[in-house]
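> Would you mind keeping the following structure in view while I ask a few things?
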Amino acid sequence: MPVSLEFLRGVLGVLCVFFAHMAGRSAGAVRQGRQKLSRLYGWALRTVLCGAIMVFRHEVDSIALGVWGFALIAFAIGMWDVSRARKQEDLTHEIFPE
């Protein structure tokens, strides 16, 4: 039994949001100088392709607009997550008790 195109469209939507989050994390890392620009291009290309293929056989509808909106939000959350300074844990006293 063949897989429904609507199911595949949903999977592409989820992948689009995930790839947008990873693109945001990569953009934050590139901005800080911790990652190469080519990784950002790779995540951005995956995001754009998944977002474009979602509307290949369908017109632009509320599902596509919702996925694109969630992708933008996921991109912003990814950049914000990388830009936060994390506190370095000191586990010395737990590993070596006094």
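> Take the residues in segment 48-85 that are in contact (Cβ under 8 Å) with a residue 12 or more places away in the chain and not in a helix (DSSP H, G or I); name whichever of them is surrounded by the fewest Cβ atoms within 10 Å (Cβ to Cβ).
Selected residue: 57.
> A follow-up question, please. For segment 1-30, what are the residues that are in contact (Cβ under 8 Å) with a residue 24 or more places away in the chain and charged (D, E, K, R)?
Residues satisfying the conditions are 9, 25.
> From the list 30, 14, 3, pick out the single residue that is over 12 Å from the mean Cα position of the chain (by Cα) and either among the basic types (Lys, Arg) or assigned to a helix (DSSP H, G or I) (or both). If you could, list the steps in order and put the result at the bottom.
Details: 14 fails: over 12 Å from the mean Cα position of the chain (by Cα); 3 fails: either among the basic types (Lys, Arg) or assigned to a helix (DSSP H, G or I) (or both).
Of the residues listed, the single one that is over 12 Å from the mean Cα position of the chain (by Cα) and either among the basic types (Lys, Arg) or assigned to a helix (DSSP H, G or I) (or both) is 30.
> A further question on this structure: Of all residues in segment 29-47, count the ones that are buried (at least 16 other Cβ atoms within 10 Å of the Cβ) and aromatic (Phe, Trp, Tyr).
1
> Surrounded by fewer than 19 Cβ atoms within 10 Å (Cβ to Cβ), assigned to a helix (DSSP H, G or I) and at pLDDT below 90: is that true of residue 98 in this structure?
Judged against the criteria, residue 98 is not a match.
> Which condition number does residue 24 fail, the rest of (1) at pLDDT 90 or above; (2) surrounded by fewer than 20 Cβ atoms within 10 Å (Cβ to Cβ) being met?
For residue 24, the exception is condition (2).
The values are calculated or read from the model by the stated rules, or taken from the named source; none is laboratory data. Keep in mind that this is a model prediction, so the values were computed, not measured. Note that we place each Cβ from the backbone using ideal geometry, even for glycine, and neighbour counts take in every protein chain shown.
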